[in-house]
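Trainee: A single structure is presented below for examination.
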Amino acid sequence: MLCAICVNFDVRKLLLTAAAQPPKGFNDPTAPDTLECLRPAVPRFFEHHPNLLSLRSAADKCDLCASIWQAYASNTHPWELVQEELLKGISTKQIFVGTTAWDATLSGMPHISVIQEGEKGAIRTLALFEVCAQRCHEPADNSDLLARSIYSNSGSKGCLQLAAELLGNCINKHKSCSRQYPASSKLPTRIIDVEGTNPKLVDGGGKHETFAALSYCWGGDSEFILTGASEQLFRQGRPLSNFPATIRDAISITKAPGIRYIWIDALCIIQDSREDWAQEASRMRDVYRGAVVTIAAACAAKTTEGIFRERAVSTHPECWLNWKNGDSNPPKVFLRLGSELWDERMHQSVLNTRGWVLQETLLAPRTLWFGQQQICLECPKGSVDETGRTIRIVEIYRSKEFIQLVRREIIPGWRRQLIDLLREMHIPLAMKIPSLSLPTIIHARDLETIRHRAISWKPFTLQGYFKPPANIFGFSHFDFWLKIIENYSSRQLSQATDVLTALSGLAREFHQATGDMYVAGLWKRDIIQGLTWSRFPVRKKLPDGRVDNEPTLSNQYLAPSWSWASILGKKVLFMAETQFDHVKQFAEVLDIDIQTATHDPFGAVKGGSLTLRAPFLELDSKDLFIPPDSSSRYPKLSQFIFDVLKSGGGSEYGQKHRGYAEQKFAILKLVYWRRTLSSTERACFLILESVQDSNDWRRIESLNLTSKETVLWDSKEVLEKLAILDEIKHALKRHVVRII
Ligand SMILES: [Zn+2]
Ligand SMILES: [Zn+2]
């Protein structure tokens, strides 16, 4: 039922008007040959009720008014909904129905917006809707402007067919995807053949075939795994009903598009063989890269939970509208709240809390996500969900588009030299240098010219600008690596010693692109910035609610103390070089040595050292552990270190400190940054402790001193830190230091 106003609303005409808007094209930097299409909003297409009160009274007898009112009311504080509030301000203004701006590039669809305009152009959105067609009952005309209904169960035949169709679209219709990632590639060492009723383990044997891979939560909760003892059973084939639910469901998904093989780590790696595990872990990049699709069991926390889900029924009123295409019996479409199906659980899902999954997702050319409310196919061109909508990942480094760029940008030798040259001059790669074209730099090869131009650089007044070849959106590979580490380190690993192994596939990928040397989770060329990390401690909650102050320690060696991988903790944070326009690197790398734990140069490590020449200041016991008003030579610094030492509680120091009599402490100056525009300055130091019976040092904290800008609002602490800087300014002396 519709009210006298809504009955005149023509949703078809609105969507056609939105689609007819001249697009504002812009070049997508990732694919310069394609023009993105952003179609502008049509906000005031239809004059709806004159005010909120009128809308509310119509809601009793009109489905559209009821949908709008409910959408508004469910997002509004109850006191704003009382009669007298509805008689004030923006609530008394005319209501309009129109569309928002939308991205029409992949399979974007216009969203319906219901707005009110207040004083001085203020706009309030009452509701946002998607216009949907019931599957199999789509109107014959312009149905590409409509979303689709979702399936009641993600394991239904229709939903699996849709999954196969989305995959087929990428393989057959996305030229750039199929060119780079052909459907078949070399099979992994072992693979599950799902043909027939008893899936069985077979050897890949170097054959080229189409296969899928599974990305899922497996914390060792299943007994159904490949071991030396069970191998024969798996090779004979086991009835599908014996498989745990998640794996069983994955096999159904594999079969839907007619794929014969699937790779599942628990069944394709011999779980009780350390050698096999190490060997296969180092091949993970090829497995996930080679699989035509990776099935992501997004909401299954255990192997026994299964992938498929019943879908929740909408709690909002249904609003059906006529698709006025001139038929005497017009087709019906319905409105769904724009936010209703947005499956946040997909990217915040239990699967995405797992450390291993980051590389499984990034390395895979295509991932088929099975969430609670949606399925979604993600490929380098973007993601399309079950309703037909395009989803774009905001953070580019988390997308497949990004890894494709990394793959494409394998840097030839001369470009690498150029990057090294810029690094040597401490020019961040993210910088844009005006009036300096790439050929000029290459031909000049004249440090002085470049330096002179770089100094006269002014941000935001670019004429022609130089973008170093390793850059993606103006960022270097290394900037992206740091982003990846930040994301990765906030995930969980059931085995702390997997910290470098579960990242080895991505490290291999970056190495292919840059040719740089991988050193325990960091890169040699950018090691100084890589050392600026800090990591939040994990603090366990005790049963009585207090926080455990005892450090959570790993009882096994993880990495050298200068690597972020050396301690347990939460998110790793690095000092971002890209925010600054002036960089001065104080530490100079003399040597890096890494001993890997297996044959895999990107996997676990068993030792490593880093030798730096840098401004250095040693503090002996006289300077420390004494109240600050004592005879300490550097009372402010000593007090600061003393406070760090006291804090413990899972902090870096708490996890690493190995004390002994006559132990020494020291600080080492790494790097200094300045941002001219905001006059922010920042210096990063390492705090070191001596290692018993050797001349080596161990990193126990990093110390970041920020100045100027921050002083305004964070004065006390910052001023104290600045005082430290003053205190030690002339005491630092260049020194060669080996950190292990
Ligand atoms: Zn109405
Ligand atoms: Zn694609």
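Trainee: Considering each residue of segment 327-360, count those that are modelled with pLDDT under 90, within 15 Å of the chain's Cα centre (by Cα) and crowded, with 19+ Cβ neighbours inside 10 Å, and give that number.
Mentor: Kept after step one, since they are modelled with pLDDT under 90, are these residues of segment 327-360: 336-353.
After this cut, where a residue has to be within 15 Å of the chain's Cα centre (by Cα) as well, the list is 344-353.
Subsequent filtering for residues that are crowded, with 19+ Cβ neighbours inside 10 Å retains 346, 349, 351-352.
Residues meeting the conditions: 4.
Trainee: Checking Asp60 against (1) within 12 Å of ligand 1 (Cβ to nearest atom); (2) modelled with pLDDT of 95 or more; (3) not polar (S, T, N, Q): exactly one of these is not met. Which one?
Mentor: The number of the failed condition is (2).
Trainee: Another question, if that's okay. Kindly check whether there is at least one residue in segment 148-168 that is more than 16 Å from ligand 2 (Cβ to nearest atom), in contact with a helix residue (DSSP H, G or I) (Cβ under 6 Å, 6 or more places away or on another chain), of a type in the set (Lys, Arg) and touching a residue at least 60 places away in the same chain (Cβ under 8 Å).
Mentor: To start, the set of residues in segment 148-168 that are more than 16 Å from ligand 2 (Cβ to nearest atom) comprises 148-161.
Of the ones still in play, those that are also in contact with a helix residue (DSSP H, G or I) (Cβ under 6 Å, 6 or more places away or on another chain) are 151.
Okay, now just the ones that are also of a type in the set (Lys, Arg), so none.
So far as segment 148-168 goes, no, none of its residues is more than 16 Å from ligand 2 (Cβ to nearest atom), in contact with a helix residue (DSSP H, G or I) (Cβ under 6 Å, 6 or more places away or on another chain), of a type in the set (Lys, Arg) and touching a residue at least 60 places away in the same chain (Cβ under 8 Å).
Trainee: Output the residue which, of all residues in segment 269-293 that are touching a residue at least 60 places away in the same chain (Cβ under 8 Å) and of a type in the set (Gly, Ala, Ser), is surrounded by the fewest Cβ atoms within 10 Å (Cβ to Cβ).
Mentor: Here the answer is Ala278.
Trainee: Hey, among Val114, Val82, which residue is in contact with a Ser or Thr (Cβ under 9 Å, 6 or more places away or on another chain) and among the hydrophobic types (A, V, I, L, M, F, W, C)?
Mentor: Numbers: Val82 fails: in contact with a Ser or Thr (Cβ under 9 Å, 6 or more places away or on another chain).
Checking each option against the conditions leaves just Val114.
Trainee: Next question. The conditions are (1) among the polar types (S, T, N, Q); (2) modelled with pLDDT under 90; (3) in a helix (DSSP H, G or I), and Gln70 fails exactly one of them. Which is it?
Mentor: Failing condition for Gln70: (2).
Trainee: Still on this model: Go through segment 91-123 and give me each residue that's surrounded by fewer than 15 Cβ atoms within 10 Å (Cβ to Cβ) and more than 24 Å from Leu15 (Cα to Cα).
Mentor: If we filter segment 91-123 for residues that are surrounded by fewer than 15 Cβ atoms within 10 Å (Cβ to Cβ), which is where we start, we get 94, 118-123.
Passing the criteria: Gly118, Glu119, Lys120, Gly121, Ala122.
Trainee: So, one more: Kindly provide the set of residues from segment 276-299 that are part of a loop (DSSP other than H, G, I, E, B) and among the hydroxyl-bearing types (Ser, Thr, Tyr), ordered by number.
Mentor: Looking only at segment 276-299, we keep the residues that are part of a loop (DSSP other than H, G, I, E, B), and these are 282-283, 291-292, 298-299.
If the condition is that a residue be part of a loop (DSSP other than H, G, I, E, B) and among the hydroxyl-bearing types (Ser, Thr, Tyr), then Ser282 is the only one that fits.
Okay, residues lined up against (1) at pLDDT 95 or above; (2) farther than 30 Å from Asp327 by Cβ:
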| position | (1), (2) |
| --- | --- |
| Ala122 | no, yes |
| Arg148 | no, no |
| His174 | no, yes |
| Cys177 | no, yes |
| Thr189 | yes, yes |
| Leu201 | yes, yes |
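Trainee: Search segment 565-584 for residues being within 26 Å of the chain's Cα centre (by Cα), within 24 Å of Thr680 (Cβ to Cβ) and not in a loop (DSSP other than H, G, I, E, B), and hand back the single one that is modelled with the highest pLDDT.
Mentor: That would be Val572.
Trainee: Here's a follow-up. Inspect segment 72-82 for any residue being within 14 Å of ligand 1 (Cβ to nearest atom), in contact (Cβ under 8 Å) with a residue 12 or more places away in the chain and surrounded by 17 or more Cβ atoms within 10 Å (Cβ to Cβ) and give the result as yes or no.
Mentor: Kept after step one, since they are within 14 Å of ligand 1 (Cβ to nearest atom), are these residues of segment 72-82: 72.
Then keep just the ones that are in contact (Cβ under 8 Å) with a residue 12 or more places away in the chain; that gives 72.
In the following step, the residues that additionally are surrounded by 17 or more Cβ atoms within 10 Å (Cβ to Cβ) were identified as 72.
So far as segment 72-82 goes, yes, one or more of its residues are within 14 Å of ligand 1 (Cβ to nearest atom), in contact (Cβ under 8 Å) with a residue 12 or more places away in the chain and surrounded by 17 or more Cβ atoms within 10 Å (Cβ to Cβ).
Trainee: Here's another thing I want to ask about it. Looking at (1) surrounded by 14 or more Cβ atoms within 10 Å (Cβ to Cβ); (2) more than 16 Å from ligand 2 (Cβ to nearest atom); (3) in the same structural domain as Arg248 (by TED's automatic domain parsing), which is the one condition that is false for Ser178?
Mentor: (2)
Trainee: Can you tell me which residues in segment 154-186 are more than 27 Å from Gln373 (Cα to Cα) and within 28 Å of the chain's Cα centre (by Cα)?
Mentor: Let us first name the residues in segment 154-186 that are more than 27 Å from Gln373 (Cα to Cα), namely 175-176, 178-186.
Matches in segment 154-186: Lys175, Ser176, Ser178, Arg179, Gln180, Tyr181, Pro182, Ala183, Ser184, Ser185.
Trainee: Continuing with the same structure: With the structure loaded, tell me whether Val131 is more than 16 Å from ligand 2 (Cβ to nearest atom), surrounded by 17 or more Cβ atoms within 10 Å (Cβ to Cβ) and β-branched (Val, Ile, Thr) or whether it fails that test. Talk me through it step by step, then tell me what you get.
Mentor: Values: more than 16 Å from ligand 2 (Cβ to nearest atom): yes; surrounded by 17 or more Cβ atoms within 10 Å (Cβ to Cβ): yes; β-branched (Val, Ile, Thr): yes.
So Val131 fits the description; yes.
Trainee: Output yes when any residue across segment 26-34 is at pLDDT below 95 and either near ligand 1 (Cβ under 8 Å from one of its atoms) or crowded, with 21+ Cβ neighbours inside 10 Å (or both), and no when none is. I'd like the intermediate steps shown before the answer.
Mentor: First pass over segment 26-34, keeping only residues at pLDDT below 95: 26-34.
Now drop any that are not either near ligand 1 (Cβ under 8 Å from one of its atoms) or crowded, with 21+ Cβ neighbours inside 10 Å (or both), which leaves none.
Looking through segment 26-34, none of the residues is at pLDDT below 95 and either near ligand 1 (Cβ under 8 Å from one of its atoms) or crowded, with 21+ Cβ neighbours inside 10 Å (or both).
Trainee: For segment 227-240, state whether one or more residues are under 20 Å from Ala297 (Cα atoms) and either touching a residue at least 60 places away in the same chain (Cβ under 8 Å) or buried (at least 18 other Cβ atoms within 10 Å of the Cβ) (or both).
Mentor: Just the residues of segment 227-240 that are under 20 Å from Ala297 (Cα atoms), to begin with: 240.
Filter once more, so that each one left must be either touching a residue at least 60 places away in the same chain (Cβ under 8 Å) or buried (at least 18 other Cβ atoms within 10 Å of the Cβ) (or both): none.
Scanning segment 227-240, I find no residue that is under 20 Å from Ala297 (Cα atoms) and either touching a residue at least 60 places away in the same chain (Cβ under 8 Å) or buried (at least 18 other Cβ atoms within 10 Å of the Cβ) (or both), so the answer is no.
Trainee: Right, another one. Run down Ala587, Ala604, Ala597 and say which single residue is closer than 29 Å to Glu275 by Cα, assigned by TED's automatic domain parsing to the domain that holds Ala666, at pLDDT 85 or above and crowded, with 18+ Cβ neighbours inside 10 Å.
Mentor: Details: Ala587 fails: closer than 29 Å to Glu275 by Cα; Ala597 fails: crowded, with 18+ Cβ neighbours inside 10 Å.
Unique residue meeting the criteria: Ala604.
Trainee: Looking only at residues that are farther than 11 Å from Leu126 by Cβ and among the hydrophobic types (A, V, I, L, M, F, W, C) in segment 66-101, which one is farthest from ligand 2 (Cβ to nearest atom)?
Mentor: So, considering only residues that are farther than 11 Å from Leu126 by Cβ and among the hydrophobic types (A, V, I, L, M, F, W, C), the one farthest from ligand 2 (Cβ to nearest atom) is Leu87.
Trainee: Taking only segment 492-520 into account, find how many residues are out of contact with any Gly (no Cβ under 6 Å at 6 or more places or on another chain), hydroxyl-bearing (Ser, Thr, Tyr) and assigned to a helix (DSSP H, G or I).
Mentor: Residues that pass the stated criteria total 2.
Trainee: Further question: Scan segment 546-559 and give yes if some residue there is at pLDDT below 85, outside any loop (DSSP other than H, G, I, E, B) and within 29 Å of the chain's Cα centre (by Cα), otherwise no. Steps first, please.
Mentor: Going through segment 546-559, the residues at pLDDT below 85 turn out to be 546-555.
Narrowing further to those that are outside any loop (DSSP other than H, G, I, E, B): 547.
Checking which are within 29 Å of the chain's Cα centre (by Cα) leaves us with none.
Within segment 546-559 (the criterion being at pLDDT below 85, outside any loop (DSSP other than H, G, I, E, B) and within 29 Å of the chain's Cα centre (by Cα)), the answer is no, since none of the residues qualifies.
The values are calculated or read from the model by the stated rules, or taken from the named source; none is laboratory data. Given the structure is predicted, the values throughout are model-derived calculations rather than measurements. In this analysis, Cβ positions are derived from the backbone assuming ideal geometry, glycine residues included, and neighbour counts consider all displayed protein chains.
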